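Visitor: The structure that follows is given in the form of structure tokens.
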Amino acid sequence: MKRITVYVVLSLLLAAAAHAQDKVGFINMQRLLAESEEGKVAAASFEKEFAGKKADLDKRFQDVERLRILLEQEGPRMTEEKRADLILQYDRKASEYERTFRQTDDEMRKKNAELIAEVLRKADSVMREVAKERDYSIVVKDINTMGYLDPRVDITDDVLKRMKAKREAAAKAPAAPASKPATK
């Protein structure tokens with residue numbers, strides 16, 4: 001239902017733009033996130049933050065697998081008491097793994113959304129500048145709604161170049177002098 005609504009709204013916007021002789025541009029958000037320095041920094045930050053948790057999940061999974069294999073291979077030869085104890089260990093470890101996996105997955109999704117939102121916030125003003133310079137009334141961000149895209153309306157390269165130029169200019173700008181504390 002949501003996808004149909006998006007298509008209807010996009011169709012109406014495009015029809016209105018065509019009728020009013022407005023220009024429509026496009027920005028590829030996946031490329032923006034993958035190729036911009038801000039996107040690369042966000043991705044590295046994400047990987048660094050979750051590397052330890054991923055390693056913990058991998059270890060927990062290996063523990064569960066080790067117990068499953070032990071049960072399959074040695075279970076039939078074990079005493080009833082040992083097999084029951086191993087089954088309890090397996091169930092406990094599997095439950096812990098699933099709980100930790102769900103928690104980590106939720107944390108990762110939230111953090112990923114935060115990082116993407118920050119990159120897009122930084123890119124938005126640049127995208128608006130480029131759109132105004134090219135006299136675009138509408139800039140579409142969702143590649144999934146496009147049936148055909150003329151490369152001439154894709155402003156992704158221009159936005160990436162402008163973001164890089166702004167970042168370099170900010171790096172070259174002298175730091176603002178620290179304000180002196182007020183004296184009595």
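The values are calculated or read from the model by the stated rules, or taken from the named source; none is laboratory data. Just so it is clear, the structure is predicted and the values come from calculations on it, not from any experiment. As a convention, Cβ positions derive from the backbone with ideal geometry for all residues, glycine included, and neighbour counts pool all protein chains shown.
Visitor: Go through (1) modelled with pLDDT of 95 or more; (2) in contact with a Ser or Thr (Cβ under 9 Å, 6 or more places away or on another chain) and name the single condition Thr100 misses.
Guide: (2)
Visitor: So which residues in the stretch 139-175 are more than 24 Å from the chain's Cα centre (by Cα), of a type in the set (A, V, I, L, M) and not in a loop (DSSP other than H, G, I, E, B)?
Guide: Once the filter is applied, which keeps residues that are more than 24 Å from the chain's Cα centre (by Cα), of a type in the set (A, V, I, L, M) and not in a loop (DSSP other than H, G, I, E, B), the stretch 139-175 yields Val153, Ala169, Ala170, Ala171.
Visitor: Answer yes or no as to whether Asp158 is in contact with a strand residue (DSSP E or B) (Cβ under 7 Å, 6 or more places away or on another chain) and surrounded by 15 or more Cβ atoms within 10 Å (Cβ to Cβ).
Guide: Taking the combined requirement at face value, the residue does not satisfy it.
Visitor: What's the number of the condition Lys93 fails, among (1) under 25 Å from Met29 (Cβ atoms); (2) modelled with pLDDT of 95 or more; (3) in contact with a helix residue (DSSP H, G or I) (Cβ under 9 Å, 6 or more places away or on another chain)?
Guide: Failed condition: (1).
Visitor: Quick check: anything in the stretch 110-127 touching a strand residue (DSSP E or B) at 6+ places or on another chain (Cβ under 8 Å) and part of a helix (DSSP H, G or I)?
Guide: yes
Matching residues to (1) more than 30 Å from Arg121 (Cα to Cα); (2) of a type in the set (A, V, I, L, M, F, W, C); (3) loosely packed, with under 11 Cβ neighbours inside 10 Å:
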position: Val41; (1), (2), (3): no, yes, no
position: Phe46; (1), (2), (3): no, yes, no
position: Leu67; (1), (2), (3): yes, yes, no
position: Gly75; (1), (2), (3): yes, no, no
position: Leu88; (1), (2), (3): yes, yes, yes
position: Thr100; (1), (2), (3): yes, no, no
position: Met108; (1), (2), (3): no, yes, no
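Visitor: Continuing with this model, one more query. Just to confirm my filter: which helices (runs of 4 or more DSSP H) fall fully inside the stretch 1-86 and include at least 1 residues that are at pLDDT 90 or above and of a type in the set (Phe, Trp, Tyr)?
Guide: Ranges flagged: 37-74.
Visitor: Take the conditions within 20 Å of Asp142 (Cβ to Cβ), of a type in the set (Ser, Thr, Tyr) and over 14 Å from the mean Cα position of the chain (by Cα) and apply them to Ser36. Does it pass?
Guide: no
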